[in-house]
Structure formats: structure tokens, C-alpha cells
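Q: Before I ask anything, here is the structure I am working with.
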Amino acid sequence: VTPLDYSLKEVFDDAGSRHLIIKATMAVMPYVRQTRTTRWRQGHASGVRARAYNESRAALRDALTGIMLAEGISPFPAVKLGMASKFVMPKANVTDLGNYEKALEDACNGIVFPDDRWIWKRGEGGKEVGQPGRFTLKLWEY
């Protein structure tokens, strides 16, 4: 098993607001809209994609849990948060940014923050072309 390549930085600004930056070498599969039916369709493209997304999200949740535990970092409480994220992909125009952000939000639910409904503001982020399979997540108390 290859160890996860990551860095984590937690800082508090002059006002006492907490900021968390996680950089990890791990692919994020973009969010896949699914229903109770499509997730179980055997042999159908919608079912295959839904199951692949759910497995990818579970792996990302496990990685984020491991990072938080290894670094002794507590999740954010139920407070207004800002979020910015950056994703590195192999080529331009692969998928829209919102689906990558939603996938990362889903993985963070209950691990890094209580629920993604606490994200009140978006910060600078985006997509860039390069060596794929890396992301940066920035969260801060808003």
C-alpha cells in the first residue's frame, strides 16, 4: 500500500478565525447525479458510473479521515465556512468545476465539517492542467 502524499496546514488569523489547507495527491471523481434506481442498474452506464463515484467518494472520505486523525485536527463545528478548492487534471475541459467541488464537499461531510450546508462562501480556486490526481482544499471560518 502506497502512503498518501499530503500536507495539512492549520492557522488562526488575527480575528481568531480558523483556516485549514489540505493538499493531497489523490484523484477526485466528479460528482455523479444519481437516483435510487440508477445506482443499482447492473450493466447500464448510469449504474456503473454511480457505483464508481460512490466508491471514489468512500476512498476520499477514508483518506480525509486518516489525514485529520494523523494530524490531530478536529473537524470544524457548525459555523459558517468559506471553501476554495483547486483540482489538477490531465487536459482542459474534462468536466465542470462544480462537479469536482461537490464531490469534495460530499467527502468532507461529517469528517472535516458537519455538513456542506455550512459552506456560505466560495473563494478562489479552479482547475489547472498538469499531473492529474491532485487537489487543494481551503476552508475557513467565515
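The values are calculated or read from the model by the stated rules, or taken from the named source; none is laboratory data. Just so it is clear, the structure is predicted and the values come from calculations on it, not from any experiment. Neighbour counts run over all protein chains shown; Cβ positions are idealised from the backbone, glycine included. Heads up: the accessible areas ignore ligands, DNA and RNA and are worked out on the full protein's heavy atoms, side chains in. Shrake-Rupley method; radii C 1.70, N 1.55, O 1.52, S 1.80 Å.
Q: Can you tell which of A63, C108, V32 lies farthest toward the positive end of the dipole of the chain, using +1 and -1 charges on the Cβ of basic and acidic side chains (Lys, Arg; Asp, Glu)?
A: The one lying farthest along the dipole's positive direction is V32.
Q: For I73, what residues show an amide H to amide H distance below 5 Å, using hydrogens built from the backbone and excluding near sequence neighbours?
A: Answer set, sorted by chain and number: none.
Q: May I pose another question? Compute the helix-to-body angle for 45-71: its Cα long axis versus the longest principal axis of the chain, expressed 0 to 90° and rounded to tens.
A: Helix 45-71 and the main axis of the chain meet at about 20 degrees.
Q: 222 nm [θ] for the chain, helices only, -39500 (n - 2.57) per DSSP H run of 4+, per residue, to 500? Kindly include the intermediate steps, with their values, before the conclusion.
A: Working: 2 runs with 39 residues, N = 142.
It comes out at -9500 deg cm²/dmol, rounded to the nearest 500.
Q: Tell me which lysines have Cα within less than 21 Å of K138's Cα, excluding those fewer than 8 residues away on the same chain?
A: Candidates past the 8-residue exclusion: K9, K23, K80, K86, K102, K121, K127.
Q: Work out the FRET efficiency for I73 and S17 from their Cβ-Cβ distance, taking R0 = 22 Å, and round it to the nearest 0.05.
A: Given R0 = 22 Å and the Cβ-Cβ separation, E is 0.90.
Q: For the chain, what proportion of DSSP beta bridges, expressed in % and rounded to the nearest 5, is antiparallel? Before the final figure, lay out each step's value.
A: Numbers: 21 of 29 bridges.
Looking only at bridges with both residues in the chain, the antiparallel portion is about 70 percent.
Q: So, for the chain, what is the accessible surface per residue at a probe of 1.4 Å, expressed in square angstrom?
A: Ligands and nucleic acids excluded, the result is 59 Å² per residue.
Q: Helix 97-108 against the longest principal axis of the chain: what's the angle in degrees, Cα atoms only, rounded to the nearest 10?
A: Between helix and principal axis, roughly 70 degrees.
Q: Another question about this same structure. To the nearest 20 debye, what is the magnitude of the charge dipole of the chain about its Cα centre, counting +1 on the Cβ of each Lys and Arg and -1 on the Cβ of each Asp and Glu?
A: Dipole about the Cα centre, nearest 20: 680 debye.
Q: Rounded to the nearest 0.05, what FRET efficiency do R33 and K121 have when you use their Cβ-Cβ distance and R0 = 22 Å?
A: Working from the Cβ atoms, E equals 0.35.
Q: Working out 0.36 nm times the residue gap between E128 and D5, then minus their Cα-Cα distance, what length gain in nm do you get to one decimal?
A: So the chain would gain 42.4 nm between E128 and D5.
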